[in-house]
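Every number in this text was worked out from the coordinates using simple rules, so none of it is lab data. Note that the coordinates shown come from a computational prediction; the quantities given were computed from them, not determined experimentally. Cβ placement follows ideal geometry from the backbone for every residue including glycine, while neighbour counts extend to all protein chains displayed.
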Amino acid sequence: MAMSYEAKKAMVAEVSDVAGRAHSAVLAEYRGMTAGQMDDLRVKAREGGAYLKVVKNNLARIALKGTDYECMNDAFVGPVILGFSLEDPGSAARVISGFMKGNQTLKVTAIAFSGQMLPGEQLDRLAKLPTRDEALAQLMGVMTAPITKLVRTTREPVAQVARATAAVRDQKQAA
């Protein structure tokens, strides 16, 4: 069924808005997937903090004009689904990578991150990026490490004296 001009304008505006807020984008060819598989992928995307949309190639090029993802224009060939990471840079890549483990018909053709287009083979690198919570936990670990080390260092002489005193006491009790 053909889309009306107003529906096309609405789709371009929606995709452009999401692209302006996204951290990264994944472009995948979905040729050979069933409707049930597409529904399953969309559900997983919603749960994983990603936005997925099947967009006509010309409309996608128009929607991405002026965004960091304009570099993907040449990759829009054939039936493709466009995924944007909204929560963290790797969320769309994690969703698609996880879905591809059980479904070989989905093929990643391009990835965009920080205004650079990467080949689809780089999907795992993007999927392995930490989530926001993981990154914050790592940052807090790095920030608290010097303080923890200082506390351990200042506490160690007292512990050594206590251990030495206990050893002397044990020797005297044994004698």
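Kindly list the residues of segment 59-77 that lie in the label zone of MET3, defined by a backbone N under 13 Å from the point 7 Å along the Cα-to-C-beta vector.
Residues 59-64 fall inside that zone.
Quick one: if you stick a label point 7 Å off each Cα along the C-beta vector at GLN122 and ALA164, how many nm between them?
Label-label distance for GLN122 and ALA164, simple model: 5.8 nm.
Taking Cα extents along the principal axes in Å as the quantity of interest, determine which of (i) 97, 34, 25; (ii) 42, 34, 33; (iii) 63, 43, 29 was computed from the displayed structure.
The listed entry that was calculated here is (i).
Please report ILE147, ILE62, ILE96 as a ranked list, fewest other C-beta atoms within 10 angstrom at the top and most at the bottom.
By the 10 Å Cβ count, ascending, the order reads ILE147, ILE62, ILE96.
Using a cut-off of under 15 Å, list every residue of segment 99-137 whose amide N is near the label point 7 Å from the Cα of VAL54 along the Cα-to-beta-carbon line.
Residues 105-107 fall inside that zone.
What size of dipole, in debye to the nearest 20, comes out for segment 89-175 about its Cα centre when the only charges are +1 on Lys and Arg C-beta atoms and -1 on Asp and Glu C-beta atoms?
Magnitude of the dipole: close to 300 debye.
Using the 10 angstrom Cβ neighbour count as an exposure proxy, how do VAL108, VAL161 rank, fewest first?
In increasing order of surrounding Cβ atoms, one gets VAL161, VAL108.
Taking R0 as 25 Å, what FRET efficiency do you get between GLU70 and GLU47 from their Cβ-Cβ distance, rounded to the nearest 0.05?
It comes out at approximately 0.30.
With θ set to phi - 60°, apply the Karplus curve 6.51 cos²θ - 1.76 cosθ + 1.60 along segment 80-86 and write out the HN-Hα couplings as whole Hz, x wherever there is a Gly or Pro.
Here the 3J(HN,Hα) series is 10, 10, 10, x, 10, 8, 9 Hz.
Can you pick out the pairs among LYS44/LYS101; LYS9/LYS128; LYS44/LYS65; LYS56/LYS107 whose Cα atoms lie more than 25 Å from each other?
The answer is LYS9/LYS128; LYS44/LYS65.
Ranked by Cβ crowding within 10 angstrom, fewest neighbours first, how are MET3, MET38, MET143 ordered?
MET143, MET3, MET38
Full-extension gain between THR34 and GLU87, please, as 0.36 nm times their residue separation minus the C-alpha to C-alpha distance.
Working it through step by step, the gained length comes to 16.3 nm.
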